[in-house]
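Heads up: the structure comes next, in structure tokens.
The values are calculated or read from the model by the stated rules, or taken from the named source; none is laboratory data. Source: prediction; values computed, not measured. All Cβ positions, even for glycine, are placed from backbone atoms using ideal geometry, and neighbour counts span all protein chains on display. These accessible areas exclude ligands, DNA and RNA; they are computed on the full protein's heavy atoms, side chains included. Shrake-Rupley method; radii C 1.70, N 1.55, O 1.52, S 1.80 Å.
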Amino acid sequence: SDPDKNRMGRKPVVYSLNGSAYFICVVMVEHYRTKMVVYNCANQMVTSVLDVETNIDDERFDEKLKDGYNLLLTSASLSDQQIVAIGVGMPGLINIMDGINHTIKDEHHRDVVFRLTKCFQKTVYIENDARMQAVGELTFGRAREVSNALIVNWNWGLGLGMILNNKVYRVSSGFS
């Protein structure tokens, strides 16, 4: 007998996300260096992590990030058009709505989103590094299965990302 005749209804249509539909560049700024990597839309790293010697007060910050970005694209055989956004985690007092890092010493360089959008011609998001780590743990890490957690970031200074009732909050210290 034909096994298909014994089944009821239509055969299912299965869809999946095309992992190479778009990519994002992730930038994590630390005290004396910055790490960069490219992820696809399926949350898979498509490049190795690139270390760039720069920091939030570096006069050549934008230029060094652009050079690192170009190296990453070349290493993954990607074009600039395939990258849809750049996400930047950095230490300091961040105003994500205005795209400003108030901790940068030169006030003319504090508008990070404006500077990097102009440099890369891409959508740029910035966030405090401790809060980004908490979001990462809540979304992909060990905090997925808990309602409350504290994520301590001791790097440039001391930062604390708080997950309370499955929402992420941030408390940053004013010292380094």
Long-range lysine pairs (8 or more apart or interchain), the stretch 24-176, Cα under 24 Å: 12
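Taking a probe of 1.4 Å, how large is the accessible area per residue of the stretch 1-83, in Å²? Write out the running numbers ahead of the final one.
Values: 5630 Å² over 83 residues.
Ligands and nucleic acids excluded, the result is 68 Å² per residue.
Show me the helices of the chain, taken as full DSSP H stretches, that run 20 Å or more along their long axis by Cα and average -1.0 or above in Kyte-Doolittle hydropathy. Let's see the in-between values first.
Details: long enough: 61-76 (23 Å, -0.33).
Qualifying helices: 61-76.
Express in nm, to one decimal, how much length is gained between Cys119 and Leu71 on full extension, taking 0.36 nm for each residue of separation and deducting their alpha carbon distance.
Going from the current span to full extension adds 15.7 nm.
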Accessible surface of the chain, 1.4 Å probe, proportion on carbon and sulfur as whole %: 53
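Over the stretch 1-151, what is the relative contact order in whole percent, taking alpha-carbon pairs under 8 Å and six or more residues apart? Could the numbers behind the result be given before it?
Numbers: 231 pairs, mean separation 27.5, N = 151.
Here the relative contact order equals 18 percent.
Roughly how big is the stretch 61-176's charge dipole about its Cα centre, with Cβ charges of +1 (Lys, Arg) and -1 (Asp, Glu), in debye to the nearest 20?
200
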Largest-first ordering by accessible area, 1.4 Å probe, given options Met132, Met36: Met132, Met36
Calculated from backbone phi, Karplus (6.51, -1.76, 1.60) coupling profile of the stretch 17-25 in Hz, x at Gly/Pro: 6, 6, x, 9, 5, 7, 9, 10, 9
Computed E for His108/Glu63 - FRET, C-beta separation, R0 22 angstrom, nearest 0.05: 0.90
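Please get the size of the charge dipole for the stretch 43-84, origin at its Cα centre, with Cβ charges of +1 on Lys and Arg and -1 on Asp and Glu, quoted in debye to the nearest 20. Spell out each step's value before the answer.
Working: 3 positive and 9 negative charges, 58 e Å.
Magnitude of the dipole: close to 280 debye.
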